Amino acid sequence: HTRLVHDLRYEELSAVAFGYSMQPAVLDLVTNHHGHTLNLLLDHVVKLGYRRIGLCLPSGWNKKVDKLWQSGMLQFRAEHPDLAAVPDHFWDEHLSENDGDWHENRDKHSVVEWIRRHQPEVVLSFNEVYEDLLAAGLRVPEDVGFATLFLNEGDEHLSGVHQNDRLIGRKAVDMVID
């Protein structure tokens, strides 16, 4: 698949990328603004009274979005010096083309160990990490709070930000038409 990406003549296409999956980025991009998503989530958890906020993500995804989550967290902490300094946790996926994706290959133990060591009151991450917390015997929200950066329709048991992929898809179509 990598060769196909490089061999196409994109300047002759009417196309946009929907999200950051296409790497290297050769098309115009339509996606959620991940920095704004994080800021919405951070503002909300602070209003709920959380002061020990932990960001926990696969390092590849953070890089894929131009480190908007990491830089957003650094900026928020600089603007809120009253918050506890919980180090972010970025884990390496260690994936090759044949390994599947990070969902199946994530280091569940390192996430739980990070929580036990640094004791965040709330974890900001992906839905799969919520499942890891439960599997490790942690109770949400009694032991640790959790909010997802990718709240999907039907995720009634989770809190977080719904990125509204349908609206983003409509905007992608508008961009191609224009």
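Values for this structure:
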| item | result |
| --- | --- |
| Pairs, first under 20 Å from Q119 (Cβ atoms) in the range 73-93, second of a type in the set (F, W, Y), C-beta under 7 Å, six or more apart | H89/W114 |
| Test for K67: is it at positive phi, open to solvent by 40 Å² or more (accessible area, probe 1.4 Å) and at pLDDT 85 or above | yes |
| Test for S21: is it at pLDDT below 80 and under 22 Å from E128 (Cβ atoms) | yes |
| Per-region count, the range 42-58, residues under 18 Å from F90 (Cα atoms) and open to solvent by 50 Å² or more (accessible area, probe 1.4 Å) | 1 |
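Rundown of residues vs (1) open to solvent by less than 10 Å² (accessible area, probe 1.4 Å); (2) at pLDDT 80 or above, yes/no style:
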site	(1), (2)
V111	yes, yes
L124	yes, yes
A135	no, yes
R139	no, yes
E142	no, yes
G160	no, yes
G169	no, no
D174	no, no
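The values are calculated or read from the model by the stated rules, or taken from the named source; none is laboratory data. Quantities reported herein were computed from a predicted structural model and do not represent experimental measurements. Every residue, glycine as well, gets a Cβ built from its backbone with ideal geometry; the counts of neighbours run over all protein chains shown. The area values use the complete protein model at the heavy-atom level, side chains included, leaving out ligands, DNA and RNA. Shrake-Rupley method; radii C 1.70, N 1.55, O 1.52, S 1.80 Å.
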